[in-house]
Amino acid sequence: MRKIIPVLGLALALAACNQTQQDKAQANANEAASEVKENSIEVGREMEANLDKAGQELKEITSDPDVKRAAGEAKDALKEMGSAIKDAADDDKPATTTARSENRVP
C-alpha cells in the first residue's frame, strides 16, 4: 500500500503536467487560428476593394470612345487580313494535270 500511494501521486503529477501542456498547446493553437482567420478576412477585404477598383477602371477604359474606335479599326484590319490570306491561298492552288502531262517523255 505504501508503494501504491507514491506511484499514484506520481501518476497524478504527470497527468496534471500533461494536461497543463495540453492546455497551453491548445491555447497557442487557438490563438494562431484566430490570427489566421483575422488575417484572411483582412486579405479578403483588400482583394475585394482592389477587384472593385480594377473593375471600375476596366469599365471606364472600355467605354472610352477612343478605345472603342481603335477596337473597331483593329477588327476591320483583321477582317481585311483574313480576306487577303484567303485570296492568297486561292491563288496558290496546285497546277492542273494537263501541265504535268506536258512534261512526260514519250
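The values are calculated or read from the model by the stated rules, or taken from the named source; none is laboratory data. The structure presented is a predicted model; accordingly, all values stated were derived computationally and were not measured. Reconstructed Cβ throughout: ideal geometry from the backbone, glycine too, with neighbour counts over all protein chains shown.
Test G9 against the stated conditions and say whether it is modelled with pLDDT of 95 or more, among the small types (G, A, S) and surrounded by 10 or more Cβ atoms within 10 Å (Cβ to Cβ).
Criteria not met by G9.
Take I61 and decide whether it is among the β-branched types (V, I, T) and at pLDDT below 90.
Against the criterion (among the β-branched types (V, I, T) and at pLDDT below 90), I61 does not qualify.
Cβ-Cβ distance below 7 Å, separation of 6 or more or different chains: which pairs start in region 26-41 with a residue that is on the phi > 0 side of the Ramachandran plot and end on one that is surrounded by 10 or more Cβ atoms within 10 Å (Cβ to Cβ) and modelled with pLDDT of 90 or more?
none
With respect to K3, is the statement that it is more than 34 Å from the chain's Cα centre (by Cα) and modelled with pLDDT under 80 true?
Yes, satisfied.
Condition first: in a helix (DSSP H, G or I) and either of a type in the set (S, T, Y) or touching a strand residue (DSSP E or B) at 6+ places or on another chain (Cβ under 9 Å) (or both). Now tell me which residues in region 52-80 satisfy that.
Matches in region 52-80: T62 only.
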